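Data first, discussion second: the structure below is written as structure tokens.
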Amino acid sequence: MTTAADYSEKIPNNVSLHEDRRLQRALESWQPNFLSWWDAMGPALPTRDVYLRTAVHVGRDGWARFGFVPMRDYRWGIFLAERAPGRMIAFGEHKGEPAWDKVPGEYRADLRRLIVVQGDTEPASVEQQRNLGATAPSLYDLRNLFQVNVEEGRHLWAMVYLLQAYFGRDGREEAEALLHRSSGSLESPRILGAFNEETPDWLSFYMFTYFTDRDGKYQLGTLKESAFDPLSRTCEFMLKEEAHHMMVGTTGIDRVVERTAQVMAENDTDDVTGHGAIPLTVIQKYMNFHYSVSLDLFGGETSTNVANYYTAGLKGRWLEERRRDDHKLASDSIMVDTVTEDARTGEQSIGQAEVSALTGLNTDLRREYIADCRSGVTRWNRILASAGLPQRLYLPHVAFNRRVGAFTGIEAAPDGKKLSAGEWDRRKSEWLPTDVDKTYVRSLMQPVHERGKIAAWIAPPRNGINNKPFDYDYVHLS
Ligand code: BYC
């Protein structure tokens, strides 16, 4: 095992692919299908080349190089973080045993399922973002979109490698299926809800990279704890790339809020539509939507699947090794959000219930995620405060607009008050983007593909990429 990538091969890798001819052939025969998928479903805007970061190494420093690359020639490679010699399983019933280099037969189906679900999200997001290039607010943003897209493509490779290397024929079939399902398709949709939603405009793109990519960060963080060492090391390296995607979302929303705040302060009005900015109320509605569909990605508040994954050592907790408990949790409990019913009146309300810590692990992870999401809201509110504005953005209640888990059957307002179905129907347009809001946002999405220029609805970034200035020619269109 070497850490440097072997670029003399068709598929750059640090997994000594040349030593396993069968696997190499399997991956090389998947590669043209990947490229056909990329041509059909990847970025639609024609470009000559793009200033991209390419992973070349898995060490701490110098793991990527920057340069102009025609996107189709991007070197999608297979990289696993360096092996931690003598790594032990940190949790579950195998705690203290050596980590696994192979898939134990009894966990094969569950591990395959986790890898397939993770793998399915990667091409899905590329599909969702396919048409955004046509309306990019600047060349800097266009480059960031493409960077995110090629890296999601690499993350698909990462999961396909695991499927093909460790799951034999079913793995190869699953690898093909990852290219056949498609986001929003009626016949064969992507597996998780949020990945079948549209990303039709750049406000949605920033919200997606803030809220939905952040679910990725947390899920990858739990899979990085896995007893199955190749999965753990793959996820560790993916998290490195993922940090840039978080930055795109966080600073993207910063810049939208900053521009709106500027227009509000300059014109002493909340109605910024006449000035080509996005009203705070619309930003809030987009947040409400993307946050709630991303909360769904954590699965049910209680789940026997997750309890089994944990006990088996397949999927740990966020920062497992920093937790101060026995890492088995067999006799622990946790309070989870739930719908409670008054025994006398039968009236339902939103409350909490105590369940075993193992079945509550999706809730545990969702709470870590929620705390992280709050840090963005604090940033955006700081921008509003420093513009001298009294308005504030917020995260809606965990029960708001949920379609998976404990709140599937009820409706709740952003403040957590339970609503009747009728009241929800009457009021949901106050909280979720309406057709009018979406049409307005789309009307602002006029492309700015000129070097150094930026659309009027967003502030320029504070820094460029890799020490280049904002007005660098990040993308050469064809
Ligand atoms: N939509 O037992 P439950 C990323 C299914 S994002 C549709 O509560 P569990 C990225 C569930 O599969 C990170 N179906 O669920 C971001 C189960 O079905 P089965 C992606 C859903 O298993 C941006 C049933 O409902 N990675 O990387 O505890 C750009 C019962 O559910 C949904 C992962 O998710 C949903 N939202 O937890 C690019 C990690 N939620 O088994 C990339 C791998 C649940 O009864 N996946 N269901 O047929 C997992 O860890 C788990 O499968 C889940 C679900 C957390 C997703």
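The values are calculated or read from the model by the stated rules, or taken from the named source; none is laboratory data. The shown structure was predicted, so the numbers you read here are calculated from the model rather than taken from an experiment. Glycine also receives a Cβ, built like all others from the backbone with ideal geometry; neighbour counts cover every protein chain displayed.
In the range 56-75, which residues are assigned to a strand (DSSP E or B) and of a type in the set (Gly, Ala, Ser)? Reasoning before the result, please.
Of all residues in the range 56-75, those assigned to a strand (DSSP E or B) come to 57, 64-69.
Across the range 56-75, the qualifying residues are Ala64, Gly67.
Being in contact with an Asp or Glu (Cβ under 8 Å, 6 or more places away or on another chain), of a type outside the set (Lys, Arg) and buried (at least 19 other Cβ atoms within 10 Å of the Cβ): is that true of Ser226 here?
Answer is no for this residue.
Report yes if some residue within the range 102-110 is closer than 27 Å to Asp473 by Cβ, at pLDDT 95 or above, basic (Lys, Arg) and more than 12 Å from the ligand (Cβ to nearest atom); otherwise report no.
no
Look through the range 117-144, keep the residues that are surrounded by 21 or more Cβ atoms within 10 Å (Cβ to Cβ) and aliphatic (A, V, I, L, M), and return whichever of them is farthest from the ligand (Cβ to nearest atom).
Leu139
Anything in the range 163-181 that is buried (at least 20 other Cβ atoms within 10 Å of the Cβ) and not in a helix (DSSP H, G or I)? List them, or say none.
Phe167
Within the range 195-269, which helices (runs of 4 or more DSSP H) (wholly inside it) include 3 or more residues that are within 22 Å of Asn144 (Cα to Cα) and more than 14 Å from the ligand (Cβ to nearest atom)?
Values: elements: 202-207, 213-223, 229-267.
The qualifying helices (runs of 4 or more DSSP H) are 229-267.
State all residues of the range 315-327 that are more than 9 Å from the ligand (Cβ to nearest atom) and either buried (at least 16 other Cβ atoms within 10 Å of the Cβ) or not in a loop (DSSP other than H, G, I, E, B) (or both); if no residue qualifies, say none.
Of the range 315-327, the ones more than 9 Å from the ligand (Cβ to nearest atom) are 316-327.
Matches in the range 315-327: Gly316, Arg317, Trp318, Glu320, Glu321, Arg322, His327.
Between residues in the range 433-458 that are closer than 17 Å to Ile283 by Cβ and residues that are among the acidic types (Asp, Glu), which pairs lie under 7 Å by C-beta distance while being six or more apart or on different chains?
Cβ pairs passing all conditions: Val441/Asp201; Arg442/Asp201; Met445/Asp201.
Report the residue count in the range 294-306 for those that are buried (at least 23 other Cβ atoms within 10 Å of the Cβ) and free of Cβ contacts under 8 Å to residues at least 60 places away in the same chain.
1
Looking only at the range 350-369, decide whether some residue is in contact (Cβ under 8 Å) with a residue 24 or more places away in the chain and away from the ligand (no atom under 16 Å from the Cβ).
Looking for residues that are in contact (Cβ under 8 Å) with a residue 24 or more places away in the chain and away from the ligand (no atom under 16 Å from the Cβ), one finds at least one in the range 350-369, hence yes.
Yes/no per residue for (1) part of a loop (DSSP other than H, G, I, E, B); (2) out of contact with any Gly (no Cβ under 8 Å at 6 or more places or on another chain); (3) at positive phi; (4) touching a residue at least 24 places away in the same chain (Cβ under 8 Å):
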site: Val103; (1), (2), (3), (4): yes, yes, no, yes
site: Val116; (1), (2), (3), (4): no, yes, no, yes
site: Phe146; (1), (2), (3), (4): no, no, no, yes
site: Arg154; (1), (2), (3), (4): no, no, no, yes
site: Tyr161; (1), (2), (3), (4): no, yes, no, yes
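Is it true that Lys468 is of a type in the set (Lys, Arg), under 21 Å from Val50 (Cα atoms) and in contact (Cβ under 8 Å) with a residue 12 or more places away in the chain?
Spelling it out, Lys468 is indeed of a type in the set (Lys, Arg), under 21 Å from Val50 (Cα atoms) and in contact (Cβ under 8 Å) with a residue 12 or more places away in the chain.
Can you tell me which residue is farthest from the chain's Cα centre (by Cα) among those in the range 327-341 that are within 8 Å of Gly351 (Cα to Cα) and touching a residue at least 40 places away in the same chain (Cβ under 8 Å)?
Checking each candidate, the answer is Val339.
Thr250 - would you say it is buried (at least 23 other Cβ atoms within 10 Å of the Cβ) and closer than 26 Å to Phe66 by Cα?
no
Which of the residues that make up the range 185-194 are within 8 Å of the ligand (Cβ to nearest atom) and modelled with pLDDT of 95 or more?
Ile191, Leu192, Ala194
Would you check which residues across the range 271-295 are touching a Ser or Thr at 6+ places or on another chain (Cβ under 8 Å) and closer than 20 Å to Ser386 by Cα and list them?
Val272, Ala277, Ile278, Pro279, Leu280, Ile283
Check Tyr309, Tyr286, Tyr291 and return the single one that is near the ligand (Cβ under 8 Å from one of its atoms) and either without any contact (Cβ under 8 Å) to a residue 40 or more places away in the chain or outside any loop (DSSP other than H, G, I, E, B) (or both).
The unique qualifying residue is Tyr309.
Taking only the range 37-53 into account, find how many residues are part of a helix (DSSP H, G or I) and either of a type in the set (Val, Ile, Thr) or touching a residue at least 12 places away in the same chain (Cβ under 8 Å) (or both).
Matching residues across the range 37-53 total 4.
Per-residue answers, yes or no, for (1) surrounded by 12 or more Cβ atoms within 10 Å (Cβ to Cβ); (2) over 30 Å from Leu142 (Cβ atoms):
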| position | (1), (2) |
| --- | --- |
| Asp73 | no, no |
| Gly77 | yes, no |
| Gly86 | no, yes |
| Ile89 | yes, yes |
| His94 | yes, yes |
| Glu97 | yes, yes |
| Trp100 | yes, yes |
| Gly105 | no, yes |
| Arg108 | yes, yes |
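Among Glu368, Glu354, Glu430, Glu423, which is the only one that is more than 22 Å from Gln284 (Cα to Cα) and of a type in the set (Asp, Glu)?
Matching residue, one of Glu368, Glu354, Glu430, Glu423: Glu354.
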